[in-house]
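Each remark here refers to the structure printed beneath this line.
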């Protein structure tokens, strides 16, 4: 029977361990390693090297980002300058178009008025005597004669003045048009220059961004190398822990009669200590063996499971009766793999490492009791 206090049944441990071992053996750079410790250290060293490279890349990216910020500002200024001078050129061309439209109208009006004046002058010149005689004989008196002569002169002068006004306006617009054409030519040069600066700034922008993108890819590569090697080192560390389990004598008389339930370091020994949660001085009735969540907890010796379940403070725990008044307890598990009354062999998987109950992290609290009284487990391992 397998009991999981939180979540469903986990994958097959033996198969996972085998796959992990096969994966580690296929890593070419580590194939020559003579021991598991060397493999683990090689992975850690590779991860550290990748971390160093990643740090160098990140520093370079930071510097490039500042350089790109300056380039971006220059590109923005160049773009604004180009837009401003282009806007001025467009306005000048618009004014030129407006003047050309006005000139078309004025030229037409000037031609009409000029022809009218020429015709009137020509008629007076050709028919001058007749007109004067008409004025002389048509007048009622001498005063009327002068009035008619003055009116004729005024008509001619008015026509002349109209021609002069149109001519002056036409001349002014033509002069303005010449100035605008000069201004247009100057602005066209400015637009070309501004466009060149804008293009050059955008080219620098693209070059900086390309370098940053390459650096980001390199950083991601180093991050992947770090993660892969840390994961591999963890797998090897688990293999090292598993390799610590050695067959022991079935007799439980101490001096190595029991196997280690977990292959981690002792994080808290047997005896008086300051409790890590309450801060009070309390007697520690076992030893704490460090591990990771899900690590397999093994039976220290053969026996009968006398209890498998929750114990206040211990969390999910297993107690095995080895006979002769000797029992072992395994606390703070995240999953229980055996049930009460079940017979177990030495080294059999009985639980999974966790941090249930009064615990600050994943570990196995391991006790050895003789006639119900806790003794130092180190005398039996």
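The values are calculated or read from the model by the stated rules, or taken from the named source; none is laboratory data. Computed from a predicted structure; not experimentally measured. Heads up, the Cβs are rebuilt from the backbone with ideal geometry, glycines too, and the neighbour counts pull from every protein chain shown.
What are the residues in segment 324-343 that are more than 53 Å from the chain's Cα centre (by Cα) and assigned to a strand (DSSP E or B), if any? Break it down stepwise before answering.
To start, the set of residues in segment 324-343 that are more than 53 Å from the chain's Cα centre (by Cα) comprises 324-327, 340-343.
Those that are more than 53 Å from the chain's Cα centre (by Cα) and assigned to a strand (DSSP E or B): 326, 327, 343.
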| query | Quick one: how many residues across segment 344-374 are touching a residue at least 40 places away in the same chain (Cβ under 8 Å), within 24 Å of residue 257 (Cβ to Cβ) and outside any loop (DSSP other than H, G, I, E, B)? | reply | 13
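Test residue 287 against the criterion of being crowded, with 18+ Cβ neighbours inside 10 Å, closer than 29 Å to residue 237 by Cβ, touching a helix residue (DSSP H, G or I) at 6+ places or on another chain (Cβ under 6 Å) and touching a residue at least 24 places away in the same chain (Cβ under 8 Å), and give yes or no.
Judged against the criteria, residue 287 is a match.
In segment 212-323, which strands (runs of 3 or more DSSP E) lie fully inside it and hold 1 or more residues that are in contact with a strand residue (DSSP E or B) (Cβ under 8 Å, 6 or more places away or on another chain) and at pLDDT below 90? Please lay out each step first, then the result.
On the way: elements: 266-268, 271-274, 281-284, 287-290, 296-298, 303-311, 315-323.
Result: 271-274, 281-284.
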| task | Report, by residue number, each residue of segment 299-313 that is surrounded by fewer than 22 Cβ atoms within 10 Å (Cβ to Cβ) and under 53 Å from the mean Cα position of the chain (by Cα). | result | 307, 309, 310, 311, 312, 313
